């Protein structure tokens, strides 16, 4: 192995970190927002909404993420009459896919909250929406924070598949450098080190936030 040959290209690969983080952050927020809505549908009393949420989760958890990404990107002209940009397609596919997993995490967290909390709120005449927003969800989020951080870490690693549609993230840039140098091992190992360090930072950040929330109880 000769890492010296890729030293001049390392800044180019490192620029992909910002692209990766943008996709992961926006997709994560989108998935979290949709996941909350789906989780409320699943525990709600309207059968159609429960069926919709369960069907959504089943489809997105039962099919490969790369397939969803390629359908949104390559089939968008047939579906919508316009070609969705690769960056937008990446955010949509990751956000919609993540929502399916996050909805199950939040649903489990809500159902794990002591039923006495809900009964007390109902006895006090607290409206359902306000009860969920101010009483149930805050407690549920504390319980599911580790699971949410794991989903975010998984999303960070899986974001590497956006290279199949040409998004110039870390992996794509490593591949480009490998093609230019006719040597793929060194740039790919360098990309792997970047992902590993990103996951370590996210893991420590999650543990720090979790510790702060426990101290605040």
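Laboratory data are not the source of any read-out in this text; all were calculated from the coordinates shown. Everything numeric here is computed off the predicted structure, so don't read it as measured data. In this analysis, Cβ positions are derived from the backbone assuming ideal geometry, glycine residues included, and neighbour counts consider all displayed protein chains.
Relative to the longest principal Cα axis of the chain, at what angle does helix 86-112 sit, 0 to 90 degrees, rounded to 10? Value to nearest ten degrees: 30. Evaluated at q = 0.13, 0.15 Å⁻¹, a Debye calculation over the C-alpha positions of segment 10-216 (equal weights, vacuum) places log10 I(q)/I(0) at -0.82, -1.00. Taking Cα atoms only, the orientation of helix 185-216 departs from the longest principal axis of the chain by about 20 degrees.
Normalised by 2.2 N^0.38 Å, with N the number of residues, the alpha-carbon radius of gyration of segment 1-75 equals 1.70. Convex hull volume of the C-alpha atoms in segment 100-181, normalised per residue: 99 Å³. Take every Cα pair under 8 Å whose residues are at least 6 apart in sequence, average their separation, divide by the length of the chain, and the relative contact order is 28 percent.
For the Cα atoms of the chain, what angle does the longest principal axis make with the long axis of helix 170-181, in degrees from 0 to 90, nearest 10? The angle comes out at about 10 degrees.
Highest mean first, the peptides 112-125, 83-96 sorted by other C-beta atoms within 10 Å per residue fall in the order 83-96, 112-125.
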